[in-house]
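The values are calculated or read from the model by the stated rules, or taken from the named source; none is laboratory data. In this text the structure is predicted, and so the values were computed from the model without any measurement. Cβ: placed from backbone, ideal geometry, glycine included. Neighbour counts: every protein chain shown.
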Amino acid sequence: MHSETPKIVFDDGDTYERFMGVWSRKVGKHFINWLGSKNGNSFADIGCGNAAFSVQLDELCSPKRIAGIDPSEAQINYARKLKFNTSTDFIVGDAMSLPYADNSFDAALMALVLFFVPKPATGLGEMTRITKAGGVIAAYAWDVFGGGLPMEPLHSILRERGIKYPLPPSKEASQLNVMQQLWEDAGLEAIETTTFQVERTFADFDDYWSVNSVGPSVAGVLKNLTPSTLEEIKRDLRKVLKRDDTNRIVSVASANAVKGEKG
């Protein structure tokens, strides 16, 4: 077993869609409703990944423009193949140095991204810069410290065994109090925070494992384990996973969210 903890890498749009894209849309619907975005707005989707959230913006907000940016070329290539009803532009780039003009969007959003930004305050500053006066700057992220990550059941077993696994580099920014402070320090107005809880069902354990074992926070860890250790982890996981009345596996996750307006 390697002692070095693998990094979280998003380099496959199809795999991301199968694992996190589904989760992203489940939270994204709540997030968009909470934002109360007006039709015809222009959106910057910062850290757009494979555009799972951009698709929701397109479907639910009737936007006039969506601009997505992400550091992964593979994710952007996936996003560019999708069909949209509105004008879209997906590019490879850095959330801490956005290539957009000042005051050019009605809303700048981060879906499951804020805790991946090395310097969240810098990323937030860029979001604020590109947003028009009166526009919305908002984000949501899995509640890392509250057990809200979709992978928490497996993460818990890895922790019990002393097996290291990667977490987002700015995981503290997933907490409501930190989000609130970041938005206040950025000088934003009408700041609000909330939490969304969502669930996803799987037909059986094999279905659950086929999806969750490829998650970027565990895939690199699992491939370095011995077959016997892997089987022991599967055994323990079967015992702790929740099931519904039809014996389907029910996975629960929670995300914290923050929004504010540019004065």
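Residue check, TRP209 against (1) out of contact with any Leu (no Cβ under 9 Å at 6 or more places or on another chain); (2) without any contact (Cβ under 8 Å) to a residue 40 or more places away in the chain, all met but one. Which one?
(1)
Among the residues of the stretch 188-199, is any more than 23 Å from the chain's Cα centre (by Cα), assigned to a helix (DSSP H, G or I) and touching a residue at least 40 places away in the same chain (Cβ under 8 Å)?
For the stretch 188-199, residues more than 23 Å from the chain's Cα centre (by Cα), assigned to a helix (DSSP H, G or I) and touching a residue at least 40 places away in the same chain (Cβ under 8 Å): absent.
What number goes with the only condition from (1) in a helix (DSSP H, G or I); (2) among the aliphatic types (A, V, I, L, M); (3) at pLDDT below 95 that MET1 does not pass?
(1)
Is it true that ALA107 is in a strand (DSSP E or B) and over 22 Å from PRO63 (Cβ atoms)? Spell out the reasoning first.
Details: in a strand (DSSP E or B): yes; over 22 Å from PRO63 (Cβ atoms): no.
No.
Please verify whether the stretch 148-161 includes one or more residues that are basic (Lys, Arg) and either touching a Gly at 6+ places or on another chain (Cβ under 8 Å) or more than 25 Å from LEU57 (Cβ to Cβ) (or both).
The answer is yes; a qualifying residue exists.
Answer yes or no: is there a residue in the stretch 78-90 that is buried (at least 19 other Cβ atoms within 10 Å of the Cβ) and more than 21 Å from ILE137 (Cβ to Cβ). Even if it seems obvious, please write down each step before you answer.
Narrowing the stretch 78-90 to residues buried (at least 19 other Cβ atoms within 10 Å of the Cβ): 78-79, 88, 90.
From the residues that got through so far, the ones that are more than 21 Å from ILE137 (Cβ to Cβ) too are 78-79.
Yes, that holds for at least one residue.
Can you give me the number of residues within the stretch 148-171 that are without any contact (Cβ under 8 Å) to a residue 60 or more places away in the chain and either outside any helix (DSSP H, G or I) or among the aromatic types (Phe, Trp, Tyr) (or both)?
3
Identify all residues within the stretch 203-261 that are among the β-branched types (Val, Ile, Thr), exposed (fewer than 13 other Cβ atoms within 10 Å of the Cβ) and in a helix (DSSP H, G or I); write none if there are none.
VAL240
I need the full set of residues from the stretch 172-187 which are buried (at least 18 other Cβ atoms within 10 Å of the Cβ) and part of a helix (DSSP H, G or I), in order please.
ALA173, SER174, VAL178, MET179, LEU182, TRP183
Residue by residue through the stretch 59-82, note down the ones that are assigned to a helix (DSSP H, G or I) and either in contact (Cβ under 8 Å) with a residue 40 or more places away in the chain or touching a strand residue (DSSP E or B) at 6+ places or on another chain (Cβ under 6 Å) (or both).
Within the stretch 59-82, GLU73, ALA74, GLN75, ILE76, ASN77, TYR78, ALA79, ARG80 qualify.
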